[in-house]
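Please treat every number below as a calculation from the coordinates, not as lab data. For clarity, every value in this text was computed on a predicted model and none was experimentally measured. Cβ coordinates were reconstructed from backbone atoms using ideal geometry, including for glycine residues, and neighbour counts include every protein chain displayed.
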Amino acid sequence: AHVGRPRSGASRRARTMGPLRAPVKDEQPNVTVETGVRRSAHRAGFDKIDIEEESTQPPSKAPRGSKNARSRGGVKPEVNAEVQVKPEVIPGVKPEVKPETPPARVHSPTEQIDLTADEVPAEVLPTNLFAYDDISPIDNDVGELLTAQQLAIVNASRAPNAIPVNGEILRVTAAAGTGKTTTLVEVGKCLRVRGHHRVSYVTFNKAAAADAATRLGPGVECRTIHSLAFHLLGVGTLESGGGLLDDHALQKFVMKTFELDIERTFKRGAPTFTQKRTRAFWIVKTLVNNFLQSDLSEKQAFDIRHQAIDMVGPSGPFKSALIYYPALKHYKELAADPQKKGSEITEWEAKEFYRDCVERLWKILKVGPGNSGSGKYTYDSVMKQAQLSKVQATTRAILVDESQDLTACQVDWMKGQTGKGAKAKQVFFVGDAAQTVYGFRGAKSEHLMSLQNTRDFDLTQSFRFDGNIAKVANAILFAKANSPQRGSFRPYKVFGAGGDASNPSKIFCHDDPPFNAAASICRFMDTCAGLANATGDNSNDTKSVTILAFTNVALVNAALQLLAARPGIRIAVNGGASGDSSGMGKYRKLVDEIEHVYKLFTGEATTLPASFYEFVDDNNAPIPFTAGDSPFDALRREVQAREINKYDLHVNLITLYAEHTLAQLDMFKLNVINAKVKPGNCDVLISTIHNAKGAEWRNVFVMNDLAQMAAFSVDEKSVVKDERDEHGGFRNASIGGSKIKEYEKAQFAWSDKGNEFNLWYVAVTRAKQNVCVPRKFVDVPDAFACCLELVQKPRVVSTNGRSDLLLPYGDETENEDAFKSVPRVSYLTRLDAKKYKANAYAKPAPQLFDPAQLMKIMDLGNAMTYFMGGAMVISPV
């Protein structure tokens, strides 16, 4: 299996990615074989080579540190005198365990880990196992086996009277499948042994809090972070509702409360109901996105003088003014249109209007004595009030799980729990910024990374998969660390300690588009079944395949194609079956509603029934869809403008299937929804990547609806080159040389924001044994191989007399002749990777590089291979 790229109609062969070497002048490039990983100091360039696979799995078997460890036969090891834990004696306090492991370092948010340094030593993960013996008073599970990393976190817990006077924040970066829950269970036990009568556990998800309550045992109070805020503010219970407003109810309340204010913003004629509803929506989004989910104080958000003094910038004192961006864009466009200019308030007036409305709305939603007493509030408004009021939990230790899913407001509130003096607390932030995927609800990785003066710990030994899948994960982690996203997480390397050494995991790839993957899925299913039969394990778990996709429309389409290809196939849905927001609930609601939306598509109707409450007026009467080329087009625009995401699936499916929509959905209803196949008894399980968080499956097929990975840029720098004459003097004494352009390093040209590449990481790390990745992943090693081919290609002289490099993929390249006039510049990789959009709003740019830039990209490829620990073998499915 050699490094290379397939032509059009890719040949079905395995490929590896390894360090490459550029040929010496006049030397014919040879194909060589190299064992292990070449040190980066020897990486002078590139060559096509094979590399023996070097596993990133530690030499010894993993202990119990995850939910599957007992089945792996984890055994308590002999602990000799050299590694025996010695308790530290503190009068009146349970002894703290001090293992022989390096102390955690204080990490600066701006500190970066150099993944491409020439002399980076080979990273060795401690594999010694330790047992601590101070939990025997808690339960009979004495001497729980932990890795050195897990034990270091457990031993960082302190007795109440040993907590620093200003409290302490501990940040744990927990990679996929690294026994995070087991670690938290042991931290909870150790805290109670050391004198904590109660410990608080908080997380965002209600199901996760309920699961933690069953696993963390007595003495650990498990709540969602919203539930904790409601409890401490005395706002009653989440279940009772009361004056609790959901998104739709809040918009109706704002529409009614600010209707006259909204009407005054129109200077030419009275606004329509739809226009007023849109402005009410902008007020709500400004409140939620720009204030409730932020860590801003009331003064920072609403005090104009504060903004003018402390937040002045190029846009003036209103740079940080509260206004939802689409609203701001609307007023900018009005000002630029001569016909519409003056029909509404100006951009400056709009900023003041929305700031004023949000401030008034915030005062209405505040609860408790001395506030409005309106009885109206939302989940986010109560959370914001808890943050601003700095209400404190009554426990001295708080475990904040899945902390990468928190908003800036929630992170600020939790870090403020540290307290002082006799009320000082330990706050554990446990999560992974590389797995942040809920940016659409305000969770961003930079919130977790903004924590200052933390003690940092890592969990990087995964019990879920072995070294082969770890290499796929590490390729993504390396790319993220060598991109504009490098500051959004703490770079790390995951070590595969799971699986069966006699049956290593396998990586496959498919080249199918997002909506035509049935053939590849069927081949992957057959391959997994064959591999299972070869081991003698014929259980359903070893043969079933989980399909992961970014969008629901890709999943529905895959299910329908599989039903057509293999009638009778058993398809289940991940994410639960009860409630409209569950996995099956969303699809059930879809098939119930799709006929009404389809009538807009055919023109049979111009309105939706009143049950579509987002599209009715104050009298509950349906509003006609008229603001588009057709009623369906008007619906699509409104769904997008008002971010009514639950109708994205309806719109996208009808766009995909057109006149066949109802027939296709009838088939889906009959064979998937009504069949009620359980996940444990299915041939195929479908799930969005978001719903897959925290789960794991033996065989995973990743759909091709994720972002393109193979996009590169090369940083430039200007240096002064000495130009001396024949006497040794400078030709230009006043300058001493001339400035020339040099290339510093290459990186992946990803956007500096967004969760697209975190979705890649989450998707591939759900697999335990076999994973099938889309072509977009394989484009990365192919791009590096293409660099080698371009550098080695002989130059030809074009008709204009300039030296050019031959273009690769001559049979696929668009407008090849257009680039023949560009001297020494070439496309980098295959057709679907030649263009990238580093910014979602920017136009695609071609991947064009000169030879010096190609060499820097090859250096990046060598560094990636070195970081992964050897070749990554990928076989076509």
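For Arg198 and Val165, what is the calculated FRET efficiency with R₀ set at 30 Å and r taken between the beta-carbons, to the nearest 0.05?
Approximately 0.90, to the nearest 0.05.
I want to check the label-to-label distance for Ser539 and Ala663. Put each point 7 Å from Cα in the C-beta direction and report it in nm to one decimal.
Label-label distance for Ser539 and Ala663, simple model: 4.2 nm.
Please list, ordered by chain and number, the residues whose modelled amide H lies under 5 Å from the amide H of Cys772; skip anything fewer than 5 residues away on the same chain.
Phe508, Val700, Phe701, Val702
Please identify the trypsin sites (Lys or Arg not before Pro) of region 642-697 that satisfy two criteria: DSSP loop assignment and at most 14 other Cβ atoms within 10 Å. Which are they?
Sparse-neighbourhood loop trypsin sites (Lys or Arg not before Pro): Lys676.
Order these peptides, 406-414, 534-542, 382-390, by their mean beta-carbon neighbour count within 10 angstrom, highest first.
Packing proxy ranking, top to bottom: 406-414, 382-390, 534-542.
Which far-off residues, 5 or more places away or on another chain, put their amide H under 5 Å from the one on Val199, with H placed in the peptide plane?
Correct list: Val220, Glu221.
Percent relative contact order of region 487-580, based on C-alpha pairs within less than 8 angstrom and at least six residues apart?
Contact order relative to length: 25 percent.
From the phi of every residue in region 353-363, what ³J(HN,Hα) in whole Hz does the Karplus formula 6.51 cos²θ - 1.76 cosθ + 1.60 yield, where θ is phi - 60° and glycine or proline is x?
Running phi through 6.51 cos²θ - 1.76 cosθ + 1.60 with θ = phi - 60° gives 5, 6, 4, 5, 5, 5, 5, 5, 5, 4, 5 Hz.
Please list, ordered by chain and number, the residues whose modelled amide H lies under 5 Å from the amide H of Leu146; skip anything fewer than 5 residues away on the same chain.
Counting only residues 5 or more places away or on other chains, the set is Phe130.
So how far, in whole Å, is the C-alpha centre of region 496-525 from the one of region 393-408?
Between the Cα centres of region 496-525 and region 393-408 lies a distance of 36 Å.
Suppose R0 equals 30 Å. What FRET efficiency, 1/(1 + (r/R0)^6) with r the Cβ-Cβ distance, do Glu604 and Arg268 give to the nearest 0.05?
That pair, Glu604 with Arg268, gives E of 0.25.
Please compute the contact order of region 424-550 in relative form: average sequence separation of alpha-carbon pairs under 8 Å and at least six residues apart, divided by the residue count, as a percent.
Across region 424-550, relative contact order equals 22 percent.
Going by average Cβ neighbours within 10 Å, how do the peptides 262-272, 464-474 rank, with the highest at the top?
The most tightly packed comes first, giving 464-474, 262-272.
So how much slack lies between Gln339 and Ser297, counting 0.36 nm per residue of separation and subtracting their Cα-Cα distance, in nm?
The Gln339-Ser297 span can extend by a further 11.2 nm.
Need the full-extension length gain, Asp715 to Ala213, defined as separation in residues times 0.36 nm minus the C-alpha distance. One decimal, nm.
175.7 nm
At a Förster radius of 56 Å, what calculated FRET efficiency corresponds to the Cβ-Cβ distance of Lys256 and Asp526, to the nearest 0.05?
0.40
Rg (Å, one decimal) plus Dmax (Å, integer) for the alpha carbons of region 456-608?
Taking only Cα atoms of region 456-608, I get Rg and Dmax of 20.4, 62 Å.
Can you order the peptides 743-756, 699-712, 165-178 by their average number of other Cβ atoms within 10 Å per residue, highest first?
Sorting 743-756, 699-712, 165-178 by mean packing, highest first, produces 699-712, 165-178, 743-756.
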